[in-house]
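Engineer: The structure is given below, and queries will be raised subsequently.
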Amino acid sequence: MILIVDFGSQTTHLIGRRLTDMGIAIHIATPEEAAKAVIDYKPKGIILSGGPSSVYEKGAPTLPKSFFDYQVPMLGICYGWQLMAHLLGGSVKSSRKEYGPALLNVHSSHPIFSGIKSSSTVWMSHGDSVVRAPKDFIVLGSTQQVEFGAVANLKRNIFGIQFHPEATHTEQGILLLLNFATHVCNLPIKPKVIDVNTIISQIKETVGNRLVIGAFSGGTDSAVAGALVAKAIGKQFKPFYVNNGLMRDDTLERIKILFPKILGIPVGIISAESEFLSALRGVIDPEKKRKAIGNQYIVSFEKQLKKYPKASLLMQGTTYADFIHSQGTKHSAHIKSHHNVGGLPKHMKLGLLEPLKYYYTDQVRQIGLQLGLPKDVVYQQPFPGPGHAVRILGEVTKERLAKQKLADSILVEEMKKSGWYEKVFQCWTILTGTNSTAVKGDGRFYGEVVALRLVSTLDRMSVDWVYPPQKVLQQISSRIVNEVPQVSRVVLDITTKPPATMEWE
């Protein structure tokens, strides 16, 4: 097995996922638990994850220098490499911050780079860099900005890399992790397949004879979670769709027509448009907005306890991306409170049932296909639980919501017409809350700027932006400026994740 020491990276669990997909057992430990974990688990390899801290920061997670005396191959990733360099006599400094793609040039034929091209794209997310490697470390690869992009102490079988091989946008990152596991740690691999029947059995065991209320939005995550729970407990499951007025306009009809057939269970409709708008009145701060929405969802579901007093669990389609962004591990940074994780109220009458909590989007889709769900459900574009509310910067009012819905519907319509809707993971508009000057009818006009966000990703942990043909963007822009009231111009967001999150709020 391989021990992963978690320094709070948003993608620590993703490192583990890459290894478990290869059939390699893992254990994730905090730095405080790491030494004991080496003794208890006797790992064949150790990976030090990235993290949000600086090695010189007061209270930054660390390890004793003696940790590197274990006769076990080690791989430090980003912060893990910086900490390794710092503790072993190298030097780390705050340098030019680097987020997103970079070109790694490999200078070595070491087995850890077996089969990897001499030049390939890697994904960066760091503010500090190693500027002097410790004694006996050699450079295996560099980027334009980072001399010590990949290094090794061959005597001690210790490696460090500044980029994130676990990110899907690192072209050959999975191969590098495979090489570390097989060529360096000498571990056999046996690719793992997700067993849906095991998940269903776990749900049965967890629920027992209890009644479950389902938070059902009709999106991929809740559809797959709902299908799993329906198969596991049948009529003990009571799914509900909260019609909060914040979703795309066709969602309600789709829920009514399609999903009772898929689940084999009627989906109840909770009408709560006015309640959600009321809860959002005067709320501008994104964190408060998400928490107001999360709280209102729970209020809506707990009202169902009058009808189903024996219900004790609330099913949610929470995935790992939701969980980690809401500070899911000890040393991780808080990014945003997802309405269904960090946005939930502290005191709830219902416990949580989250069968997809430790799965990523691509895995959720695999599960959906195994369950026999229609492809248009499995591969539909995700839509956030808070809906258009987190795509309206500033206060959400009835008027601004209508404006955002119209702009978004134009984008979706034109993307579908052009054939580009299916080529992106997700596309949407944002009311930016920023005004600019325009000329309409030969006169000065001062109105709001609408942003377009078009992205590609596999698991939502690293994201790239998509650039459709100019004529497609021109048609979208022209229609939004001409058809949406009080809009002055349209801009395209061309920021990767990291540093940006997918949503603006």
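The values are calculated or read from the model by the stated rules, or taken from the named source; none is laboratory data. In this text the structure is predicted, and so the values were computed from the model without any measurement. Quick reminder, even Gly has a Cβ in these numbers, built from the backbone with ideal geometry, and neighbours come from all protein chains shown.
Engineer: Could you say whether any residue in segment 421-441 is surrounded by 18 or more Cβ atoms within 10 Å (Cβ to Cβ) and small (Gly, Ala, Ser)?
Structural biologist: Scanning segment 421-441 turns up no residue that is surrounded by 18 or more Cβ atoms within 10 Å (Cβ to Cβ) and small (Gly, Ala, Ser).
Engineer: Please determine, by comparing only the residues of segment 405-420 that are hydrophobic (A, V, I, L, M, F, W, C) and over 24 Å from the mean Cα position of the chain (by Cα), which one is surrounded by the most Cβ atoms within 10 Å (Cβ to Cβ).
Structural biologist: Restricting to residues being hydrophobic (A, V, I, L, M, F, W, C) and over 24 Å from the mean Cα position of the chain (by Cα), the top hit is 407.
Engineer: Which condition from (1) of a type in the set (A, V, I, L, M, F, W, C); (2) within 30 Å of residue 302 (Cβ to Cβ); (3) surrounded by fewer than 20 Cβ atoms within 10 Å (Cβ to Cβ); (4) modelled with pLDDT under 95 is the one that residue 402 breaks?
Structural biologist: (4)
Engineer: Further question on the same structure: Would you check if there is a residue in segment 80-103 being charged (D, E, K, R), at pLDDT 95 or above and in contact with a His (Cβ under 9 Å, 6 or more places away or on another chain)?
Structural biologist: No - not one qualifying residue is present in segment 80-103.
Engineer: Can you find a residue in segment 447-461 that is out of contact with any Leu (no Cβ under 8 Å at 6 or more places or on another chain), closer than 30 Å to residue 366 by Cβ and among the aliphatic types (A, V, I, L, M)?
Structural biologist: The answer is yes, given that some residue of segment 447-461 is out of contact with any Leu (no Cβ under 8 Å at 6 or more places or on another chain), closer than 30 Å to residue 366 by Cβ and among the aliphatic types (A, V, I, L, M).
Engineer: Please state which one of 321, 389 is crowded, with 20+ Cβ neighbours inside 10 Å and either at pLDDT 85 or above or charged (D, E, K, R) (or both).
Structural biologist: The conditions single out 389.
Engineer: Regarding residue 466, is this residue outside the structural domain of residue 14 (by TED's automatic domain parsing), more than 30 Å from residue 18 (Cβ to Cβ) and touching a strand residue (DSSP E or B) at 6+ places or on another chain (Cβ under 8 Å)?
Structural biologist: Answer is no for this residue.
Engineer: Further, regarding this structure: Given the criteria surrounded by fewer than 14 Cβ atoms within 10 Å (Cβ to Cβ) and under 30 Å from residue 396 (Cα atoms), does residue 205 qualify?
Structural biologist: Spelling it out, it is not the case that residue 205 is surrounded by fewer than 14 Cβ atoms within 10 Å (Cβ to Cβ) and under 30 Å from residue 396 (Cα atoms).
Engineer: Report yes if some residue within segment 432-443 is in contact with a helix residue (DSSP H, G or I) (Cβ under 8 Å, 6 or more places away or on another chain), more than 28 Å from residue 275 (Cα to Cα) and modelled with pLDDT of 95 or more; otherwise report no.
Structural biologist: no
Engineer: Can you tell me which condition residue 106 does not meet? The list is (1) surrounded by fewer than 17 Cβ atoms within 10 Å (Cβ to Cβ); (2) within 13 Å of residue 143 (Cα to Cα), and all the others hold.
Structural biologist: (1)
Engineer: Could I ask something else about it? Just to be sure I understand, how many residues within segment 128-157 are closer than 13 Å to residue 106 by Cα and either in contact with a Gly (Cβ under 7 Å, 6 or more places away or on another chain) or in a loop (DSSP other than H, G, I, E, B) (or both)?
Structural biologist: Residues that pass the stated criteria total 10.
Engineer: Among the candidates 120, 129, which residue alone is among the polar types (S, T, N, Q) and closer than 24 Å to residue 6 by Cβ?
Structural biologist: Residue meeting the stated conditions: 129.
Engineer: Any idea which of (1) under 30 Å from residue 78 (Cα atoms); (2) at pLDDT 95 or above is the one residue 238 doesn't satisfy?
Structural biologist: With respect to (1) under 30 Å from residue 78 (Cα atoms); (2) at pLDDT 95 or above, residue 238 is out only on (1).
Engineer: Of all residues in segment 180-198, which are out of contact with any Pro (no Cβ under 6 Å at 6 or more places or on another chain) and either part of a helix (DSSP H, G or I) or over 30 Å from residue 226 (Cβ atoms) (or both)?
Structural biologist: 180, 181, 182, 186, 187, 188, 189, 190, 196, 197, 198
Rundown of residues vs (1) closer than 23 Å to residue 462 by Cα; (2) among the hydrophobic types (A, V, I, L, M, F, W, C); (3) free of Cβ contacts under 8 Å to residues at least 60 places away in the same chain; (4) not assigned by TED's automatic domain parsing to the domain that holds residue 458, yes/no style:
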{"residue": "145", "(1), (2), (3), (4)": "yes, no, yes, yes"}
{"residue": "150", "(1), (2), (3), (4)": "yes, yes, yes, yes"}
{"residue": "157", "(1), (2), (3), (4)": "no, no, no, yes"}
{"residue": "160", "(1), (2), (3), (4)": "yes, no, no, yes"}
{"residue": "166", "(1), (2), (3), (4)": "yes, no, no, yes"}
{"residue": "174", "(1), (2), (3), (4)": "yes, yes, no, yes"}
{"residue": "179", "(1), (2), (3), (4)": "yes, no, no, yes"}
{"residue": "190", "(1), (2), (3), (4)": "no, no, no, yes"}
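Engineer: Shifting gears a bit: Answer yes or no as to whether residue 117 is out of contact with any Lys or Arg (no Cβ under 9 Å at 6 or more places or on another chain), surrounded by fewer than 14 Cβ atoms within 10 Å (Cβ to Cβ), in a loop (DSSP other than H, G, I, E, B) and not aliphatic (A, V, I, L, M).
Structural biologist: Yes.
Engineer: While we're on this one: Taking the conditions exactly as written (at pLDDT 90 or above and among the acidic types (Asp, Glu)), does residue 376 satisfy them or not?
Structural biologist: Yes, satisfied.
Engineer: Could you check segment 8-102 for strands (runs of 3 or more DSSP E) lying wholly inside it with 2 or more residues that are surrounded by fewer than 19 Cβ atoms within 10 Å (Cβ to Cβ) and either in the same structural domain as residue 120 (by TED's automatic domain parsing) or touching a Ser or Thr at 6+ places or on another chain (Cβ under 9 Å) (or both)?
Structural biologist: 26-29
Engineer: Yes or no: segment 207-226 includes at least one residue that is closer than 30 Å to residue 306 by Cβ, in a helix (DSSP H, G or I), without any contact (Cβ under 8 Å) to a residue 60 or more places away in the chain and not acidic (Asp, Glu).
Structural biologist: no
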